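Engineer: A single structure is presented below for examination.
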Amino acid sequence: MPARAYWKGQIRLALVSIPIEVYPATRSGAAIAFHQIHEPSGKRIRYEKVAPGVGPVDRDDIIKGFEVSKGSYVLLDEEEIEAVKIDSRKTLELVQFVDSDEIDVLYYEKPYFVVPADDLAEEAYIVLREALRASRKVGLGQLAVRGREQLVSIKPCGRGLVMEVLRYADEVHKAQGYFRDIEDAKPDADLLDLATTLIDKKTAPFKPAEFHDRYVDALHRLIDKKVKSKTNKRILEDVEEPASGKSNVIDLMAALKKSVGEGGAKTAARKAPASKAADKEPAKKPAVKKPATRTRKSA
């Protein structure tokens, strides 16, 4: 467990208070950060704080400003900003409960592990966890951290509880604006059956460790090659190109049948009556091989 908690306080449900500690449940991925380098000298590029018509300025002369109109700013110093920050209260009060599937996935932002602060808190913690699990509800509250107030949810996770920071309504785009022009129609039954068969065929338990960022892996390989080569000579990896010269028009039925493969062929065979299949099958004739015609290109 990390030495430093993201937040310490208590969950309050009516007259019941549960001392807790909150820890981040995620970490940054294996991203690669690049610096800008002046190639002739090999030196890193640095940036100066510059004001138009003034030139480089001292950091002590910089304050924050909010643009109210083009080129017009309201200036705020640090004391003014600090004065309106919300005090970091040590209580997360659960003010509402909702069905676990009622919160749209778009609102979830970041998860945190919630653990009991001590042995005395564990009993009440377990009661809350099991009550949420039995009722299939999610608790909602607002948490004040670093001067800002966050909307959060509390729900069971294995033996513990997870707190998820939620986005506010004005931070989420309305889906209707993006999906409005999509036709509300029922798909062809045969296409739907093939697509369902393909989904069933590819269904498996979720194992996050099996997925990784191939771009980051390729960058690491490239960097290792350049380190070993001890030179800045360009090294271009071979990249598989998509097949060209083919039509962009997709035969959806053919594509789905090909994706399903033998499983789809067997399904179709089971559905076809045996007698009709036999009637339609032509008598097999011995294959006659034709001499191949070859064209020799001049060297």
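Engineer: How big is D, in µm² s⁻¹, for segment 1-154 by Stokes-Einstein at 25 °C and 0.890 mPa s if Rh is the Kirkwood radius over C-alpha pairs?
Structural biologist: The diffusion coefficient I find is 121 µm²/s.
Engineer: Here is a follow-up. Structure shown: which of 110/207; 137/186; 64/174; 201/258; 43/228 lie over 23 Å apart, alpha-carbon to alpha-carbon?
Structural biologist: Check vs 23 Å cut-off fails for 137/186; 64/174.
Engineer: From the P(r) of segment 90-175, can you give the percent of Cα pairs sitting at distances over 17 Å?
Structural biologist: Cα-Cα pairs of segment 90-175 separated by over 17 Å account for 49 percent.
Engineer: Calculated FRET efficiency, residue 181 and residue 225, Cβ-Cβ r, R0 41 Å, to nearest 0.05?
Structural biologist: After rounding to 0.05, the efficiency reads 0.30.
All of the numbers you see were taken from the coordinates with simple rules; none came from a lab. None of the values given here were measured: they were computed from a predicted structure. Quick reminder, even Gly has a Cβ in these numbers, built from the backbone with ideal geometry, and neighbours come from all protein chains shown.
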